Every structure is written in C-alpha cells, then in structure tokens.
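**Student:** Structure incoming, see below.
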Amino acid sequence: MNENRKWYVVYTRQGREKKVADILARKRFESYCPLNKVMRPWSDARKLVPEPLFASQVFVRVCESDFKHLTHVDGVINVVYWLGNPAVIRDTEVETIKGFLKEYPTVKLEKVAINMDKNITISRDMLVDSVDYIPRIADTTAKIHLPSLGYTLVADASIPNDELIFRNLPEVAQAG
C-alpha cells in the first residue's frame, strides 16, 4: 500500500498551514509544511520567526482514496488540482525542498512564468520529471527550480566557492 502513496498539495485556510500539518500528523498522515525563517519585529527587537514557505499549502503523502478524509480536516479547503487531476508532486521535489531549507533556512520564492506569446511545447513529463539545481549565481545566490510547483527557491549563498562546490562531494584519497 505504501507504493500507492504520492505527494499531493492541500490548499488551507490562510495562516493555518502549520496547524493543518499538525492535525494531519496526529491523524497519521505523512505531511510536510516547509518553514522559512523570516525576520519580524518582536517586542523591542527583531527576531527570526519560522513561517510557511508556501502560503496556504501543505504537502501530504497519501493514496487518492484518502482524499475524502483530507477534506474533513479542520483548515483544509481542498486538494490542489491541475488539468482536472490531483496535482502530484514528485518525491524528489519534496526531498529537494527539505534539503534546500536545511542548507539555507532563509529562502525566497519566485513564481515561474511561462511566456504564452511564444510557441512553446511543454510535455507533462517535462513539468514533473526534472529539478534544476543551480548551486551558485554570481557567487552569492543558490537557486532550485521546482517545475511541478511552478516556483524557484532562491537563497543567499554567501559561502566561499570551494566550500559550496565541494561540500557534498565524497572525499577522494590523494595519491602520494
């Protein structure tokens, strides 16, 4: 039964994302509410506060047969649909978001726009099968394009180039 579960997005009431993720977890649904650290005024100072990265959206990994239970969760409005079908989010994209937020806790979202004036053919497979990772741009920005969500995650990558490029590579034994 585990193989039939896929990641979907549920649309929530505004400001209820963390609460919905908590309720889903208590009901034994695998859910994920990506949190971004945002600087906010706090009493007499400024503080980094965790806020949902995707407004009014929570990822949930379920079978389609569980949809009827999802819509009964307090705060859930509906499952997100695309082209008349529930929008499936690839496991790799969810894992990429988790990894990117672990690496860069303060992230900005950029909506990906498609220029409808040009004759562009985009297959459904192209939209959901690839995650483009651009490790650095101008040495200070890291980006990941998430095509099935229609967003690019952007983070400040003010890390020395060598550390950024080689951080996740396996160690290589030196000949000598």
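The values are calculated or read from the model by the stated rules, or taken from the named source; none is laboratory data. If you're wondering where the values come from, they're calculated on a predicted model, not measured in any experiment. Neighbour counts run over all protein chains shown; Cβ positions are idealised from the backbone, glycine included.
Here's the yes/no breakdown for (1) within 22 Å of Thr152 (Cβ to Cβ); (2) acidic (Asp, Glu); (3) surrounded by 13 or more Cβ atoms within 10 Å (Cβ to Cβ); (4) at pLDDT 90 or above:
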{"site": "Thr71", "(1), (2), (3), (4)": "no, no, no, no"}
{"site": "Val88", "(1), (2), (3), (4)": "yes, no, yes, yes"}
{"site": "Asp91", "(1), (2), (3), (4)": "yes, yes, no, yes"}
{"site": "Leu101", "(1), (2), (3), (4)": "yes, no, yes, yes"}
{"site": "Leu109", "(1), (2), (3), (4)": "yes, no, yes, yes"}
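**Student:** OK, next. Name the residue, out of Lys102, Lys68, Lys47, that is without any contact (Cβ under 8 Å) to a residue 40 or more places away in the chain, under 24 Å from His145 (Cα atoms) and not in a loop (DSSP other than H, G, I, E, B).
**Tutor:** When all the criteria are applied, what remains is Lys102.
**Student:** Under the condition of being under 20 Å from Cys63 (Cβ atoms) and basic (Lys, Arg), which residue from region 1-38 is surrounded by the fewest Cβ atoms within 10 Å (Cβ to Cβ)?
**Tutor:** Looking at the filtered set, the residue picked out is Arg28.
**Student:** Now a separate question. Can you tell me which residue is nearest to Leu146 (Cα to Cα) among those in region 50-63 that are surrounded by 13 or more Cβ atoms within 10 Å (Cβ to Cβ) and among the aliphatic types (A, V, I, L, M)?
**Tutor:** Among those residues, the one meeting the criterion is Leu53.
**Student:** Do you know which residues across region 30-48 are at pLDDT below 95 and either more than 18 Å from the chain's Cα centre (by Cα) or small (Gly, Ala, Ser) (or both)?
**Tutor:** Once the filter is applied, which keeps residues that are at pLDDT below 95 and either more than 18 Å from the chain's Cα centre (by Cα) or small (Gly, Ala, Ser) (or both), region 30-48 yields Met39, Arg40, Pro41, Trp42, Ser43, Asp44, Ala45, Arg46, Lys47, Leu48.
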